[in-house]
Amino acid sequence: MHKLSDREQAFLMLLVFMLPPLITWAGLGMPTDKGSLGILMSAILSGVLAFIKELLGGKPPEEEG
C-alpha cells in the first residue's frame, strides 16, 4: 500500500478541513451576515493551520540514540 508523503497529507488535510464548511455555507444559501462569515473564516483558517502543520512534517523529530 502506498504511504502518503507529508506534502500529500498536507493537501489532504486542507481539503478535509475546508470543503465541509464551504459546502455547508453554500447549502445555506451563502449567507453574508457577520456571524456566518466569521464561522466560515474560522473554519478556513483552521484548515490553513492544519495544512501548514502537515506540510512541515506534523511529527516531532525522532531522538537519536
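The values are calculated or read from the model by the stated rules, or taken from the named source; none is laboratory data. Since the model is a prediction, treat every value here as computed from it, not as a measurement. Reconstructed Cβ throughout: ideal geometry from the backbone, glycine too, with neighbour counts over all protein chains shown.
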Within the stretch 9-30, is there a residue that is in a helix (DSSP H, G or I), over 18 Å from Gly57 (Cα atoms), over 18 Å from the mean Cα position of the chain (by Cα) and not hydrophobic (A, V, I, L, M, F, W, C)? yes
Considering the stretch 20-45 alone, what residues qualify as being surrounded by 12 or more Cβ atoms within 10 Å (Cβ to Cβ) and either closer than 27 Å to Leu55 by Cα or in contact with a strand residue (DSSP E or B) (Cβ under 6 Å, 6 or more places away or on another chain) (or both)? Pro20, Pro21, Leu22, Thr24, Trp25, Leu37, Ile39, Leu40, Ala43, Ile44, Leu45
Contact list, first residue from the stretch 7-28 and among the aromatic types (Phe, Trp, Tyr), second anywhere and not in a helix (DSSP H, G or I), beta-carbon distance below 8 Å, six or more apart or interchain, is Trp25/Pro31
Can you find, within the stretch 46-65, the residue that is modelled with the highest pLDDT among those that are of a type in the set (Gly, Ala, Ser), closer than 16 Å to Val16 by Cβ and exposed (fewer than 15 other Cβ atoms within 10 Å of the Cβ)? Ser46
